[in-house]
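As structure tokens, the structure follows; a few thoughts come after it.
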Amino acid sequence: MRKYEDEYRHKGLRRELIDTLRKKGITNEKILSAINNTPRHFFMDLALDRIAYEDRAFPIGEGQTISQPYTVAYQTDLLRVEPFEKILEIGTGSAYQCCILAQLGAQVYTIERQKKLFDRNRNFEYLKKFPSIKFFYGDGYEGLPTYAPFDKILVTAAANSIPEKLIDQLKPGGIMVIPVDEGGEDVQRMLRITKQTDGTLEEEKFEMFSFVRMNKGKVNGN
Ligand code: SAH
């Protein structure tokens with residue numbers, strides 16, 4: 001089994017990453033401190049250890065990626081996380097993003113459609129630190145009706161439109177942050193959707209990003 005070590009050198013690289021994120025405009029101290037406390041290299045292949053703290057996405061297998069730290073910070077900030085909120089995440093991937101949400105005090109429900117990635121997280125020791133995260137293997141387009149409604153929903157894969165079923169699973173006053181295709185499938189506009197108490201939706205537009213795709217159905221991976 002892989003032995004995870006968080007060395008002095010990793011901590012130094014994390015501090016440099018925090019400086020980079022500040023320069024790029026991230027100001028939320030709680031988020032910066034969660035990133036500073038999270039050994040990102042644990043979430044990646046050992047071969048990437050030396051570059052794990054570069055501000056970029058990296059492959060995690062199955063054609064998927066761990067999001068860029070800037071993107072993680074940006075989405076988390078838009079979500080306006082408060083302690084004890086119930087948050088649904090679509091696209092567990094490496095589980096890095098959900099650990100950041102958990103450190104902000106949220107109760108996290110996260111769904112992954114790739115069985116191999118889901119199974120890997122079951123054996124990932126570090127995640128035992130976070131009993132407030134619940135992992136599900138399934139299709140994020142369906143959400144988790146049994147556990148709904150949610151205070152917040154975070155989609156970490158590129159959607160071609162806003163999934164109706166996810167809107168239904170959002171509490172009145174709830175917020176969904178989701179990257180939606182704009183002018184093709186290469187880039188997405190970050191949207192923040194607020195469900196008003198009367199059920200109408202308010203939509204705010206933010207920066208452009210490039211995510212791996214949100215696909216329908218599950219992948220068994222055998
Ligand atoms: N939040 C992740 C980012 C992973 S990339 C992290 O911190 O590492 C996006 C992930 O979304 C991929 O693992 C992909 O398999 C998953 N995904 C794509 N479509 C999905 C869907 N419909 N339901 C659940 N997961 C999905």
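The values are calculated or read from the model by the stated rules, or taken from the named source; none is laboratory data. None of the values given here were measured: they were computed from a predicted structure. Backbone-built Cβ (ideal geometry, glycine too); neighbour counts: all protein chains shown. Areas reflect the complete protein model, heavy atoms only, side chains present, ligands, DNA and RNA absent. Shrake-Rupley method; radii C 1.70, N 1.55, O 1.52, S 1.80 Å.
Going through segment 5-19 one residue at a time, which ones are surrounded by 13 or more Cβ atoms within 10 Å (Cβ to Cβ) and either touching a helix residue (DSSP H, G or I) at 6+ places or on another chain (Cβ under 8 Å) or modelled with pLDDT under 95 (or both)?
If the condition is that a residue be surrounded by 13 or more Cβ atoms within 10 Å (Cβ to Cβ) and either touching a helix residue (DSSP H, G or I) at 6+ places or on another chain (Cβ under 8 Å) or modelled with pLDDT under 95 (or both), then Asp6, His10, Arg14, Leu17, Ile18 are the ones that fit.
What residue, among those in segment 96-107 that are in contact with a strand residue (DSSP E or B) (Cβ under 8 Å, 6 or more places away or on another chain) and more than 11 Å from the ligand (Cβ to nearest atom), is farthest from Ala73 (Cα to Cα)? Explain how you work it out, then say what you get.
Step one: of segment 96-107, the residues in contact with a strand residue (DSSP E or B) (Cβ under 8 Å, 6 or more places away or on another chain) are 96-99, 101-102, 106-107.
In the following step, the residues that additionally are more than 11 Å from the ligand (Cβ to nearest atom) were identified as 102, 106-107.
Working: Ala102: 13, Ala106: 15, Gln107: 18 Å.
Ranking the qualifying residues of segment 96-107, first place goes to Gln107.
Assess whether Ile51 counts as being away from the ligand (no atom under 13 Å from the Cβ), among the β-branched types (Val, Ile, Thr) and either buried (at least 16 other Cβ atoms within 10 Å of the Cβ) or over 22 Å from Val219 (Cβ atoms) (or both).
Values: away from the ligand (no atom under 13 Å from the Cβ): yes; among the β-branched types (Val, Ile, Thr): yes; either buried (at least 16 other Cβ atoms within 10 Å of the Cβ) or over 22 Å from Val219 (Cβ atoms) (or both): yes.
For Ile51, the condition - away from the ligand (no atom under 13 Å from the Cβ), among the β-branched types (Val, Ile, Thr) and either buried (at least 16 other Cβ atoms within 10 Å of the Cβ) or over 22 Å from Val219 (Cβ atoms) (or both) - is met.
Of the residues in segment 54-73, how many are touching a strand residue (DSSP E or B) at 6+ places or on another chain (Cβ under 8 Å) and open to solvent by 30 Å² or more (accessible area, probe 1.4 Å)?
So in segment 54-73, the residues touching a strand residue (DSSP E or B) at 6+ places or on another chain (Cβ under 8 Å) come out as 57-60, 62, 64-66, 71.
Checking which are open to solvent by 30 Å² or more (accessible area, probe 1.4 Å) leaves us with 57, 59, 62, 64-65.
So the answer is 5.
Restricting to segment 76-123, count the residues that are under 11 Å from Thr156 (Cα atoms), among the hydrophobic types (A, V, I, L, M, F, W, C) and assigned to a helix (DSSP H, G or I).
1
Can you go through Glu89, Glu82 and tell me which one is loosely packed, with under 13 Cβ neighbours inside 10 Å and under 27 Å from Gly143 (Cβ atoms)?
Details: Glu89 fails: loosely packed, with under 13 Cβ neighbours inside 10 Å.
The unique qualifying residue is Glu82.
Pairs needed: first member in segment 207-220, at positive phi; second member anywhere, surrounded by 13 or more Cβ atoms within 10 Å (Cβ to Cβ) and not in a strand (DSSP E or B); C-beta distance under 9 Å; at least 6 residues apart or different chains.
What qualifies is Gly217/Arg113; Gly217/Asp139; Gly217/Tyr141.
Looking only at segment 194-210, filter to residues that are in contact with a helix residue (DSSP H, G or I) (Cβ under 8 Å, 6 or more places away or on another chain), open to solvent by less than 70 Å² (accessible area, probe 1.4 Å) and closer than 17 Å to Asp77 by Cβ; which one of those is nearest to the ligand (Cβ to nearest atom)? Let's see the steps before the verdict.
Pass one, segment 194-210, residues in contact with a helix residue (DSSP H, G or I) (Cβ under 8 Å, 6 or more places away or on another chain): 195, 201, 206-207, 209.
Applying the additional criterion that residues be open to solvent by less than 70 Å² (accessible area, probe 1.4 Å) yields 195, 206, 209.
Cutting the leftovers down to closer than 17 Å to Asp77 by Cβ gives us 206, 209.
On the way: Phe206: 18, Phe209: 12 Å.
If we take residues in segment 194-210 being in contact with a helix residue (DSSP H, G or I) (Cβ under 8 Å, 6 or more places away or on another chain), open to solvent by less than 70 Å² (accessible area, probe 1.4 Å) and closer than 17 Å to Asp77 by Cβ, then Phe209 is nearest to the ligand (Cβ to nearest atom).
Could you say whether any residue in segment 30-47 is touching a residue at least 60 places away in the same chain (Cβ under 8 Å), in contact with a Lys or Arg (Cβ under 6 Å, 6 or more places away or on another chain) and closer than 25 Å to Ser132 by Cβ?
no
Quick check, is Arg40 open to solvent by less than 30 Å² (accessible area, probe 1.4 Å), under 14 Å from the mean Cα position of the chain (by Cα) and among the charged types (D, E, K, R)?
On the way: open to solvent by less than 30 Å² (accessible area, probe 1.4 Å): yes; under 14 Å from the mean Cα position of the chain (by Cα): yes; among the charged types (D, E, K, R): yes.
Here the answer is yes, as Arg40 does meet what is asked.
Can you name the number of the only condition in (1) within 8 Å of the ligand (Cβ to nearest atom); (2) more than 21 Å from Met190 (Cβ to Cβ) that Gly93 fails?
If we test Gly93 against (1) within 8 Å of the ligand (Cβ to nearest atom); (2) more than 21 Å from Met190 (Cβ to Cβ), just (2) comes out false.
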